[in-house]
Structure formats: structure tokens, C-alpha cells
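Visitor: Let me begin by handing over the structure; questions about it come next.
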Amino acid sequence: MPRAQEELLDAVRLALESAVVERRYPLAGFTRLADRLAAAAGEARVSLAFRNAGGVPTGELRLRADVVLNCRRCLGPLRRILESSSLLAFVASEEAPVPEDHEVIAGDPERVDLAALVEDELLLTLPSFTAHRADEECVAAAKGAAGGGSEPRVPERRRPFAGLKDLLKN
């Protein structure tokens, strides 16, 4: 779905003005992020502070989002807060000189799609493995405990090479 013209920012002009742009984006609007979430409810809160660094428009992107992911153990819902801060340099090509520690955003610096940047940053901020913490209730642990007795069932430990020692004696 194409973004509205008002979503495209002129980084060159905003950097000269040292402007700060703040937005809220519903998570349901991020199509690439949707399949990674258990629920697309909530929003991402974003702040992009523009600066001019020697003629190069730069910005510090800060975002925060409360997301619902799937626990990898029990597949139940799991709330996490994603926070990120990135230094960006808006340039026409990747070969352009940029300040150290800044990530290059190559393209037309007068037409920056902030929503696309936010979705990229959210995807990069997602944890690689999600599971309930020890102090949270995991549905899988609760089911194991409810199955019989007060302690969760511990699976039998398999030792595939246990008999190897006996074979080596012969």
C-alpha cells in the first residue's frame, strides 16, 4: 500500500531547521512485521531528531513499541517492550561521506519514508528467541504442573553413547 505524501519527509530541510519529528504508528499498518507478532494491537512511538553534520542531513531515530509475540515454548502470547535508538545519515548514494557511527540511508534525502524506517527498525529490534521469563507464567509449564502433582514432569534423560564404554573394553 503506497504511503501518503505527508509521510515523506524532507531530511535536508528538517536538518537545516534542527527539527524533531514525532509520530505514532499503529502496528497493524506494518505488513512485514505482522507475521512476527501474535497480535497487531498497539502502536510504535517514534521521535526523529534531525541535525546537519557538515552538509549531511542526519538524525537520531528513537522508537518504543509494546508488542505481543509468541512464546517459543508454549506458543502463548508474550508482551515485550521494544526500544531502539539509531543514528542515521540521509544521502543520495552509499558512497557519500557520512559521520562516523551513522547508518547510511541511501535514497532521495528530500523524500524519506519515516514509516518504512520505523518498520525496518522494529524488525531489527525483535528478539531472535522469545520465551516467558522465569517470573512469568508460561502456559507450557502451567500445563505440565497441572498434569499430575505439584511439580512439572521432567523428561527422561537419554544418553545415546552410554553403552559405548562397554564396547570399547572388548
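Visitor: Restricting to the range 13-50, count the residues that are surrounded by fewer than 17 Cβ atoms within 10 Å (Cβ to Cβ), assigned to a strand (DSSP E or B) and touching a residue at least 40 places away in the same chain (Cβ under 8 Å).
Guide: Result for the range 13-50: 2.
Visitor: For the list (1) surrounded by 11 or more Cβ atoms within 10 Å (Cβ to Cβ); (2) assigned to a loop (DSSP other than H, G, I, E, B); (3) modelled with pLDDT under 90, I need the number of the one condition that GLY144 fails.
Guide: Every condition holds for GLY144 apart from (2).
Visitor: Sticking with this one: Can you tell me which residues in the range 86-105 are in contact (Cβ under 8 Å) with a residue 40 or more places away in the chain, under 20 Å from SER18 (Cβ atoms) and in a loop (DSSP other than H, G, I, E, B)?
Guide: VAL98, PRO99, HIS102, listed by residue number.
Visitor: Restricting to the range 51-60, give me the number of residues that are surrounded by fewer than 21 Cβ atoms within 10 Å (Cβ to Cβ) and either within 16 Å of ALA92 (Cβ to Cβ) or not acidic (Asp, Glu) (or both).
Guide: So the answer is 6.
The values are calculated or read from the model by the stated rules, or taken from the named source; none is laboratory data. Model, not experiment: these values are computed from the prediction. Positions of Cβ are backbone-derived with ideal geometry, glycine not excepted, and every protein chain shown enters the neighbour counts.
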